[in-house]
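Structure first, commentary second.
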Amino acid sequence: MNASILEITVIIFNSLFFIFTIFAIASYTILAIISAFETVEYMKKNSFVNYNEILSSIISPSISIIAPAFNESLSIIENVRSLLSSHYANYDVIIVNDGSTDDSLEKLINAYNLVKIDFLINEKLPTKPIRNGVYKSINPAFEKLTVVDKENGGKADALNMGLNISKNSYVLCIDVDCLLLEDALQKMIKPFLEVSDEKIIATGGVLRVANSCSIKDGKLLDINLPKKMIERAQILEYLRAFLLGRMAWSRLNGLLVISGAFGMFDKKIVIEVGGYDTNTVGEDMELIVRMRKYMEEKKEKYRVGYIPDPLCWTEAPDTYKTLISQRNRWTRGTIETLRKHRKVGFNPKYGALGLLSYPYWFFFERLAPVIEVFGILYFIFLIVLDDVRWDYTFAFISAAYLFTVLFTILAIFSEELTYHQYKKKGTGIKLLITSFLEPFISHPFILYAAITGNVDYYLKKEKGWGKMIRRGFL
């Protein structure tokens, strides 16, 4: 009887793992196909767009770039210069110094001729109080720059302060360590200007890894492939996520997350839903889900847009310790958001948000690492029982590995055929080699980070952001 029960249990678990794998492969394949068609359509449509008209038009919408900064002394001058280099006319830059303990504020004051001013803040969103004050430049060349120094409250709190200070219609929320290309604003604002019966509430953009790139005076001069495997692996990860993932979700109007490092929002709606949640480490994903939920409940047609052009370059972790800390935080943020908005999940009242986006993130983002680790433990259990069909096992592992590699190679070729940012000789071969090594070298650390993120969340061991060490741009 016990043997019979064990056999049935093994059959059930084998079937569940097989079904999950098939659904995962099918979903990734479908998303890749949709992304390919959407990318081709986007490039055709935008090849006729004259962005100079958006740039020079007197009716171009007003945009505030909001960049929180905490202990960014190493690169803050270059980063702010990048934000001030946009070709867009109707914009300003708001740097929120979130209680930095280094000399970030002093560097900004000296570099940009800042002086303290009297500034009335419209406190639509609650935030930590001002510390030293609000600063503007006496140099007309930097008239678009505003710096506010406040007590430390975290990234979400700093963004809310920026929203309070902003007087413009749209906000571009960006990490201060990101390098913004000069034509980014006119491309990001374009979806908001297109005539449609759907209201654009937010637009996301592509992030690229700036490690090893040559940057001077806030401008990207030369794109180089990093020497470290950990950095190259993240390049591949970003290509998969942005070129073969989010492009498809944009087409399906199912985007559940816009990178907190680079996203544009309709400020009015952000204010109406209460701004960023300061009680989560996944404030970027949580805000998008809350905004979508708000629009669904109002029964208004809306869309979260996406721009596939490489408009923003960011510094990625260059050590496994920092990478693990980052991915641990991402995991905790995903769990928090999905739990907080669980009434949305599998609920037809919320349309694609409840029946498509939420289930995908729940099974293939939230549960995938847990299922993978459970599968490893289950495999060890079968070995102990001497109940392993090694021919099936090798076939299964080989198929999973080959699909992962082929999916990554598809992302590399998509990059080569579209935006082709890595032009130097030998770069493609190095990325292909990395695609074969990544599952063994990088993935185990990311899996470990996801599991520790689960443990930290449920045991309440870690509530903060974790430490992100900056090396600065070259």
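The values are calculated or read from the model by the stated rules, or taken from the named source; none is laboratory data. It should be emphasised that the depicted structure is a prediction, and the values quoted were computed from it without experimental measurement. Don't worry about glycine lacking a Cβ; one is built from the backbone with ideal geometry, like all the others, and counts go over all protein chains shown.
Assorted remarks:
- Helices (runs of 4 or more DSSP H) (entirely within region 91-210) containing at least 3 residues that are modelled with pLDDT of 95 or more, under 28 Å from the mean Cα position of the chain (by Cα) and not hydrophobic (A, V, I, L, M, F, W, C): 155-165
- Put simply, of Ile76, Ile63 the only residue that is modelled with pLDDT of 95 or more and under 24 Å from the mean Cα position of the chain (by Cα) is Ile63.
- Options Lys301, Lys340: the member that is surrounded by fewer than 18 Cβ atoms within 10 Å (Cβ to Cβ), in contact with a Ser or Thr (Cβ under 8 Å, 6 or more places away or on another chain) and in contact (Cβ under 8 Å) with a residue 60 or more places away in the chain: Lys340
- Pair list, Cβ under 9 Å, 6 or more apart: region 373-385 residue free of Cβ contacts under 8 Å to residues at least 12 places away in the same chain, other residue outside any helix (DSSP H, G or I) and not β-branched (Val, Ile, Thr): Phe381/Asp387
- From the options Tyr294, Tyr276, residue that is assigned to a loop (DSSP other than H, G, I, E, B), over 30 Å from Gln421 (Cβ atoms) and at pLDDT 95 or above: Tyr276
- Test: residue in region 449-466 that is at pLDDT below 95, farther than 26 Å from Gly282 by Cβ and out of contact with any strand residue (DSSP E or B) (no Cβ under 7 Å at 6 or more places or on another chain): no
- The residues in region 420-447 that are surrounded by 17 or more Cβ atoms within 10 Å (Cβ to Cβ) and among the aromatic types (Phe, Trp, Tyr) can be counted, and the count is 1.
- Verdict on Ile307 being aliphatic (A, V, I, L, M), at pLDDT 95 or above and either crowded, with 17+ Cβ neighbours inside 10 Å or over 19 Å from Arg251 (Cβ atoms) (or both): no
- Among residues of region 400-419 that are touching a residue at least 60 places away in the same chain (Cβ under 8 Å), those with a Cβ under 6 angstrom from a residue that is surrounded by fewer than 17 Cβ atoms within 10 Å (Cβ to Cβ) and among the aliphatic types (A, V, I, L, M), sequence gap 6+ or separate chain, pair up as Phe403/Ile25.
- Scanning region 215-225 for residues that are at pLDDT below 90 and part of a strand (DSSP E or B) yields Ile215, Lys216, Lys219, Leu220, Leu221.
- Subset of region 13-31 [closer than 10 Å to Gly375 by Cβ and of a type in the set (A, V, I, L, M, F, W, C)]: Phe13, Leu16, Phe17, Phe20
- Checked across region 398-408, the condition of being closer than 19 Å to Asn224 by Cβ and modelled with pLDDT of 90 or more holds for no residue.
- For Glu194, the criteria (1) free of Cβ contacts under 8 Å to residues at least 24 places away in the same chain; (2) more than 19 Å from Gly263 (Cα to Cα) hold in every case but one, which is (2).
- Identity of the residue in region 230-263, over 28 Å from Asp318 (Cβ atoms) and among the aliphatic types (A, V, I, L, M), that ends up farthest from the chain's Cα centre (by Cα): Leu252
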